[in-house]
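Values quoted throughout were computed directly from the atomic coordinates according to the rules given, and no laboratory measurement underlies them. Remember, it's a predicted structure, so these values are computed and weren't measured experimentally. We place every Cβ from the backbone using ideal geometry, glycine too, and count neighbours over all the protein chains shown.
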Amino acid sequence: QVQLVESGGGLVQPGGSLRLSCAANVRPFSIWPMGWYRQAPGKQRELVALISKSDTEYADSVMGRFTISRDDARNTHYLQMNSLKPEDTAVYYCYLRVGSTDTWGKGTLVTVSS
């Protein structure tokens, strides 16, 4: 069974930075896409960032502020979040496609507030 565990969430002031990590119990192939989604209270889950072997995709709301990266040798991918805004407050979920199976983590809470 594939498992993903997020870490790095917490409370940060507006304008601050956090780095989220997602550790998997399998070693991804470079062609397997992985990414991050988030869900704010009372809102639908939305794509934040996605990375495949040679391409990245970001939500317009985080473009230029967030950077997704992957380290397949460490079974881990990351989301560097800079210039955080209160509207970034959400539970962030990591995602990994393992072959034909979509796998989700349990989420880590990011709160951006003064």
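Out of the range 17-39, which residues are outside any strand (DSSP E or B) and surrounded by 14 or more Cβ atoms within 10 Å (Cβ to Cβ)?
Across the range 17-39, the qualifying residues are Val26, Pro28, Trp32, Pro33.
Can you name every residue in the range 89-114 that is over 20 Å from Ile51 (Cα atoms) and of a type outside the set (A, V, I, L, M, F, W, C)?
Thr89, Thr111, Ser113, Ser114
Taking the criterion of being closer than 14 Å to Thr108 by Cβ and of a type in the set (D, E, K, R), would at least one residue in the range 58-65 satisfy it?
no
Is it fair to say Tyr92 is among the aromatic types (Phe, Trp, Tyr), in contact (Cβ under 8 Å) with a residue 40 or more places away in the chain and on the phi < 0 side of the Ramachandran plot?
For Tyr92, the condition - among the aromatic types (Phe, Trp, Tyr), in contact (Cβ under 8 Å) with a residue 40 or more places away in the chain and on the phi < 0 side of the Ramachandran plot - is met.
List every residue pair whose Cβ atoms lie under 6 Å apart, where the two residues are 6 or more positions apart in sequence or sit on different chains, the first residue falls within the range 1-18 and is within 30 Å of Gly99 (Cβ to Cβ), and the second residue, located anywhere, is assigned to a loop (DSSP other than H, G, I, E, B) and among the hydrophobic types (A, V, I, L, M, F, W, C).
Matching pairs, first to second residue: Val2/Val26.
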